[in-house]
Each structure stands twice: as structure tokens, then as C-alpha cells.
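For reference, the structure is listed below as C-alpha cells.
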Amino acid sequence: MQLVQPATPALDVPATPPGQAETERPLQTTFDTPPVAVRGLDRSAAKHILVPSVGIKANIDQIGLKSDGTLETPSYERYKNAAWYKLGPSPGEVGPAVILGHVDSKSERAVFFDLRRVVPGAKIEISRADGSKVLFTVDSIEQFPKSAFPTQRVYGPTAYPTLRLITCGGKFDRQRREYVDNIIVFASLAA
């Protein structure tokens, strides 16, 4: 099976077919135009994430696709870790590197609990397996209903290194035992 992007993105989120209208509700946004195209780094696995402005500091696991072509869910047992989608670009390569994390566990806050507090202009540092560190600047943080997940904006190609951080958000549906929305941070390689 040859998939460039997962059929079902992050955390049990249904994909929005390309071309279908996407509903979005910006929490905060600043940048309307992408930075000038730059040469990306060579491939190297994401190992650690640091978002100093909101106190996120965690190791990064790796996830891929399940046999049905949908995105694996980050481990619930390792809810203090984030998870990089290893079949997409690595942080610093040209294109969107995607890192997911749980918002909470059954008993406590998880790695991306405070992700919703990130603001445009905040810095995100990703340490890589090759020993390098890549710095990104937050362009926007947005909230989407899971039924209108912006697949193309998250996984679609970019001409420069970008980063997407994804977690659950919005109201918690007690009957379905899940959050109804996703919080997505869109970031670009820092100048």
C-alpha cells in the first residue's frame, strides 16, 4: 500500500477529502504568508520536544499506519510522550512534520494538555536523532471539529520545513468517551 498521508489523521480523527470545505475556528493566528522557500535538513528521527512558553518538555516516540491504512494512535501507556508520524517528513526536512500527543489520560494531564495555550510567535524546539536541534515558530493555533479535520493543511506538501502539533480538544462527549475537536498548532522553521 502506497500512502503519502494517512487516510485517517491524528487521534481517531476522520479525514476530510481534498476539495471538501473545511470548517476552522482559529484560536489565534498571526502569519498569512509562508516564509521564503529554504533547503531543509536531511532525514533524522524526532527524539524530544520542548515548548518553553507552556512548559511542554517530552520524549518523542514514533507511529506509522495500521494495517487498514489509518494512523496509529500514540500509546496510551506512554501518554507523557509525544509521537512523530514517521512516514512523513522529519522535523527540519522540507514538508510538514506531524507530531501528536494526548491531552489527558484517565487520571491526569498528558503531554499536550497545555498545547491550547500556545500563542503565535512561540518557539518549538525539536531535538533529532542526529544530534541536531530544529527551531520552529508558531504561525497559528486552531481548533477543528473532528468531522472537518483539515487533512490537506496538515499533511499537504509545503515548500519549506513546517511542523504540525495535534491533540484533542473541545467538549468531551461522555457517551462516545472522546473529545469532539482537535487542536492543531501550525509552525514554520524559525528564521
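Throughout, read-outs are computed from the coordinates displayed, never taken from laboratory work. This one's a predicted model, so the numbers in the text were calculated from it and none came from an experiment. Glycine also receives a Cβ, built like all others from the backbone with ideal geometry; neighbour counts cover every protein chain displayed.
Of everything in the range 100-140 that's among the acidic types (D, E) and under 22 Å from Y160 (Cβ atoms), which residue is surrounded by the fewest Cβ atoms within 10 Å (Cβ to Cβ)? Talk me through it step by step, then tell me what you get.
So in the range 100-140, the residues among the acidic types (D, E) come out as 104, 108, 114, 125, 130, 139.
When the remaining residues are screened for being under 22 Å from Y160 (Cβ atoms), the result is 125, 130, 139.
Working: E125: 16, D130: 13, D139: 22.
Once the filter is applied, the top-ranked residue is D130.
Residue count for the range 100-127 satisfying the condition of being touching a Lys or Arg at 6+ places or on another chain (Cβ under 6 Å) and either within 13 Å of G170 (Cα to Cα) or assigned to a loop (DSSP other than H, G, I, E, B) (or both): 1. Every condition in (1) buried (at least 18 other Cβ atoms within 10 Å of the Cβ); (2) within 18 Å of L189 (Cα to Cα) is met by P157 except one, and the failing one is (1). None of G55, G40 is touching a helix residue (DSSP H, G or I) at 6+ places or on another chain (Cβ under 7 Å), in contact (Cβ under 8 Å) with a residue 40 or more places away in the chain and among the small types (G, A, S) except G55.
Kindly check whether there is at least one residue in the range 146-161 that is in a strand (DSSP E or B) and touching a Pro at 6+ places or on another chain (Cβ under 9 Å).
Start the filter on the range 146-161 by keeping residues that are in a strand (DSSP E or B), which leaves 161.
Right, trim to touching a Pro at 6+ places or on another chain (Cβ under 9 Å) and you get 161.
There is at least one residue in the range 146-161 that is in a strand (DSSP E or B) and touching a Pro at 6+ places or on another chain (Cβ under 9 Å).
Please go through the range 90-99 and give me each residue that is crowded, with 23+ Cβ neighbours inside 10 Å and part of a loop (DSSP other than H, G, I, E, B), ordered by number. Residues satisfying the conditions are S90, G92. Checking the stated criteria, A148 turns out not to satisfy the condition of being over 14 Å from V103 (Cα atoms) and in contact with a strand residue (DSSP E or B) (Cβ under 8 Å, 6 or more places away or on another chain).
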